Amino acid sequence: MFSSAWALCVAASAVIVQAATLDDVCTSAYVKAALPLDVLTGITIDSSSVVVSATKNYSSASGDFFPAATFDYCAVQLAYSHNGMDDDQVLLMFWLPAPDKFENRYLSTGGGGMAINSGNSSLPGGVMYGAVSGATDGGFGSFDLDEDDVFLLSNGTVNYEALYMFGYKAHHEMSVIGKQFTRNFFGMADSEKLYAYYQACSEGGREGWSQIQRYDDWDGAVVGAPAFRYAFQQVQHLWSDMAMKNLDYYPPPCELEKILNLTIAACDPLDGLTDGVVSRTDLCKLHYDLDTAIGESYYCAAETSSGGYGKRQSSTTPAQSGKVTAKGVALAKAIINGMKDSKGQQVYLSYQPSSTWSDASTTYNSTTDSWEMSVSGIGGDWVDRYLNLIDSESLSLDGVTEDTLKSWIYEGWQLYDSVLQTTWPDLSVYHGAGGKVLHIHGESDYSVPTASSVRYWESVRSVMYPGLSYTASAAKLNEWYRLYLVPGAGHCAPSTDQTNGPFPQTTLQVLIEWVEKDKAPTTLPATVLQGSEEGKEWELCAWPLRPLWTNKGTKFECVYDQASIDTWHWDLNAWDMPVY
Ligand SMILES: *[C@@H]1O[C@H](CO)[C@@H](O)[C@H](O)[C@H]1NC(C)=O
Ligand SMILES: *[C@@H]1O[C@H](CO)[C@@H](O)[C@H](O)[C@H]1NC(C)=O
Ligand SMILES: *[C@@H]1O[C@H](CO)[C@@H](O)[C@H](O)[C@H]1NC(C)=O
Ligand SMILES: *[C@@H]1O[C@H](CO)[C@@H](O)[C@H](O)[C@H]1NC(C)=O
Ligand SMILES: *[C@@H]1O[C@H](CO)[C@@H](O)[C@H](O)[C@H]1NC(C)=O
Ligand SMILES: [Ca+2]
């Protein structure tokens, strides 16, 4: 046992701390003495808020972003406040590895949807690599509250503090506090390097970019499918509904599912390997004619869903059968072709063919025995709450036109450009400090269009390397920021429709090797995580190279294919402003 006198002597050398056990350091007194009280001006860490507990032999299951692992950790929750603000309290949760497992690493984790954290679920992804892992509650009141829960104050005005915390402030504060706390806790000398990382997907991907665009807090970041270009991203969720309204056609879900299945079947072989995975959605765009689906029969059995959490009743959908209609195909085309205004000008990019039609879901009405529009919850929440400042989730598209959607984008873009848009293309602060980025995005993402990430990578390339040829600037950017599209993957996860598709489960490990050992990845390793090919290893190609199998599927290459690359570049000619 260590005496409390020793515990107070936190700045003692790393040698002493590394000889300590988890029980020696995972105490309230030790943690309080290690708090970085003066690390950020304008904030006060509340020593009395500290809650400490040790967990031994914790087994964390295999996830999409990290493999299974078993480890001991010390959980530390603490609170801080911004000076001069009433009722302000921000909670941080850190999981720290045992002293003999610590590898001079720190990892920030982020949220998804409207959440700024993922509870504890992302924290194992750092501890298993000898990193202290952190999560923040953004000051929203608890780790379970999301930004949209607190965005409107009770008098109907905007909670700007919560908005800016969500936008970018909370993550910067957590990184600064977390890194110094890590140093103090493990008694690192000032001369010792602490490697700092980030890993998250979706909204968490946007949070990652919010930091990379402003700060140099991290040495490396894994950002997945970022929900950025926010005003566009949120409104584009309403495009499928708008397209249905324009066609006055609300398809049974089974019809769209059939169109998806036919698309996957037709486009799977175009990459040179018939494996159930559309690794080249660009070739699918170039060569698959959706009209060939018209007249194909579909059938889906009746289903009763047991009315999950928050739903009072179970709901029943009837058996669906019929033939794919011309209107069903017109809808699919309108979705793939993306948002247009009333003049036919392109407002935004869209999903790749072979993505599920998630925004186009309809609801069955048993009174009329027909399918009805079910407005996208994410899109509706954005317009009601963030544009109209109404606490509601029942947006109707009555009276709404393509030009209304466009005006919603413009309004949100102006209102939140500096806080949520998150597409600032000049990364010179982060790059200047040596920061690396591994950006991944499922090629069949149904929630954040894959082309959205391609567009941002291209914006950074053209803004940071003007005057160089395409291939020369791409090569320069790839020296520190690489984008990998994941064949068959959906949103931040493998897809249920293309189960033989891989997912890059060890990306943080690859990043660590790149940052700490200068081992730059060329291809990114990925593994099939489900289905009959579970465990099969893949290599992902770095943009702008594209995967291709030749020799009857026996030879794999990453190829440069200009016609395919061009399909990823959207001319958003509805705007006079640059859209990064
Ligand atoms: C740790 O957990 C694993 C399985 O979860 C178990 O097999 C093993 O015995 C445990 N070890 C200790 C030291 O408790
Ligand atoms: C998160 O981790 C802390 C510390 O181990 C634990 O007390 C808490 O119950 C965990 N929360 C959930 C939801 O598992
Ligand atoms: C709304 O409430 C907030 C928080 O209580 C307060 O600071 C603000 O002044 C109020 N605004 C108006 C217009 O009443
Ligand atoms: C689509 O394919 C999946 C997987 O093979 C299958 O389970 C489903 O029934 C198919 N849907 C339709 C409408 O044919
Ligand atoms: C179903 O349709 C009827 C008739 O149009 C309508 O009154 C009712 O509100 C609809 N039910 C739901 C759940 O939308
Ligand atoms: Ca294939």
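Taking ALA20, is it over 30 Å from LYS169 (Cα atoms), more than 16 Å from ligand 5 (Cβ to nearest atom) and surrounded by fewer than 16 Cβ atoms within 10 Å (Cβ to Cβ)? Spelling it out, it is not the case that ALA20 is over 30 Å from LYS169 (Cα atoms), more than 16 Å from ligand 5 (Cβ to nearest atom) and surrounded by fewer than 16 Cβ atoms within 10 Å (Cβ to Cβ). Listed by position, the helices (runs of 4 or more DSSP H) enclosed by region 238-304 that each have at least 2 residues that are more than 28 Å from SER366 (Cα to Cα) and under 29 Å from the mean Cα position of the chain (by Cα) are 253-267, 281-287. Is there a residue in region 79-100 that is open to solvent by 80 Å² or more (accessible area, probe 1.4 Å), within 22 Å of SER191 (Cβ to Cβ), at pLDDT 95 or above and not in a strand (DSSP E or B)? Taking every residue of region 79-100 in turn, at least one turns out to be open to solvent by 80 Å² or more (accessible area, probe 1.4 Å), within 22 Å of SER191 (Cβ to Cβ), at pLDDT 95 or above and not in a strand (DSSP E or B).
Name the residues in region 258-302 that are open to solvent by 60 Å² or more (accessible area, probe 1.4 Å) and among the polar types (S, T, N, Q), would you? Those that are open to solvent by 60 Å² or more (accessible area, probe 1.4 Å) and among the polar types (S, T, N, Q): ASN261, THR274, THR292, SER297. The residues listed here are SER53, SER60, SER3; of these, the one that is of a type in the set (S, T, N, Q), at pLDDT below 95 and more than 16 Å from ligand 6 (Cβ to nearest atom) is SER3.
For region 26-43, a residue qualifies if it is within 31 Å of the chain's Cα centre (by Cα) and among the polar types (S, T, N, Q), and exactly one does: THR41. Residues of region 456-463 include none that is at pLDDT 95 or above, of a type in the set (Ser, Thr, Tyr), in contact with a strand residue (DSSP E or B) (Cβ under 7 Å, 6 or more places away or on another chain) and more than 16 Å from ligand 3 (Cβ to nearest atom).
With respect to the conditions (1) acidic (Asp, Glu); (2) within 15 Å of ligand 4 (Cβ to nearest atom); (3) in contact with an Asp or Glu (Cβ under 8 Å, 6 or more places away or on another chain), ASP341 lacks only one, and its number is (2).
Annotation: of all residues in region 378-412 being surrounded by fewer than 13 Cβ atoms within 10 Å (Cβ to Cβ) and among the small types (Gly, Ala, Ser), the one that is nearest to ASN155 (Cα to Cα) is SER392.
Would a scan of region 416-437 turn up a residue that is surrounded by fewer than 16 Cβ atoms within 10 Å (Cβ to Cβ) and closer than 25 Å to GLY338 by Cβ? The answer is yes; a qualifying residue exists.
With respect to LYS179, determine if the residue is part of a helix (DSSP H, G or I), touching a strand residue (DSSP E or B) at 6+ places or on another chain (Cβ under 6 Å), of a type outside the set (Ser, Thr, Tyr) and open to solvent by 10 Å² or more (accessible area, probe 1.4 Å). Taking the combined requirement at face value, the residue satisfies it. Report the residue count in region 303-325 for those that are modelled with pLDDT under 95, open to solvent by less than 90 Å² (accessible area, probe 1.4 Å) and of a type in the set (Gly, Ala, Ser). Qualifying residue count for the region: 6.
Give the residue, chosen from ASP391, ASP398, ASP426, that is at pLDDT below 95, of a type outside the set (Ser, Thr, Tyr) and out of contact with any Pro (no Cβ under 8 Å at 6 or more places or on another chain). Answer to the check: ASP391.
Here is a yes/no grid of residues against (1) within 16 Å of ligand 2 (Cβ to nearest atom); (2) in contact with a Gly (Cβ under 7 Å, 6 or more places away or on another chain); (3) assigned by TED's automatic domain parsing to the domain that holds PRO97:
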position: VAL39; (1), (2), (3): no, no, yes
position: GLY42; (1), (2), (3): no, no, yes
position: ILE45; (1), (2), (3): no, no, yes
position: VAL52; (1), (2), (3): yes, no, yes
position: SER59; (1), (2), (3): yes, no, yes
position: THR70; (1), (2), (3): yes, no, yes
position: VAL76; (1), (2), (3): yes, no, yes
position: ASN83; (1), (2), (3): no, yes, yes
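In this structure, does SER142 turn out to be polar (S, T, N, Q), under 17 Å from the mean Cα position of the chain (by Cα), under 28 Å from THR55 (Cα atoms) and assigned to a loop (DSSP other than H, G, I, E, B)? So SER142 fails the test. Would you tally the residues in region 344-385 being within 12 Å of ligand 5 (Cβ to nearest atom) and charged (D, E, K, R)? Summing the residues that are within 12 Å of ligand 5 (Cβ to nearest atom) and charged (D, E, K, R) in region 344-385 gives 2.
Set side by side, the residues SER407, SER392, SER396 differ, and just one is of a type in the set (Gly, Ala, Ser) and either in a helix (DSSP H, G or I) or within 24 Å of TRP575 (Cα to Cα) (or both), which is SER407. Considered as a group, the residues in region 65-78 that are farther than 20 Å from ASP24 by Cα and either crowded, with 17+ Cβ neighbours inside 10 Å or among the small types (Gly, Ala, Ser) (or both) include one that is nearest to the chain's Cα centre (by Cα), and that residue is PHE65. Total residues in region 47-61 satisfying the condition of being under 15 Å from TYR73 (Cα atoms), within 16 Å of ligand 1 (Cβ to nearest atom) and not aromatic (Phe, Trp, Tyr): the figure is 6. Does ASP149 meet the test of being charged (D, E, K, R), in a helix (DSSP H, G or I), under 18 Å from GLY111 (Cα atoms) and assigned by TED's automatic domain parsing to the domain that holds LEU22? Yes; evaluated as a whole, the condition is true for this residue. The set of residues in region 30-52 that are open to solvent by less than 50 Å² (accessible area, probe 1.4 Å) and in a helix (DSSP H, G or I) comprises TYR30, VAL31, ALA33, ALA34.
Cβ separations smaller than 7 Å between residues 6+ apart or across chains give the following pairs from region 381-399 residues that are among the β-branched types (Val, Ile, Thr) to residues that are assigned to a loop (DSSP other than H, G, I, E, B): VAL383/LEU395.
The values are calculated or read from the model by the stated rules, or taken from the named source; none is laboratory data. In this text, all values refer to a predicted model and were calculated from it rather than measured experimentally. We place every Cβ from the backbone using ideal geometry, glycine too, and count neighbours over all the protein chains shown. These accessible areas exclude ligands, DNA and RNA; they are computed on the full protein's heavy atoms, side chains included. Shrake-Rupley method; radii C 1.70, N 1.55, O 1.52, S 1.80 Å.
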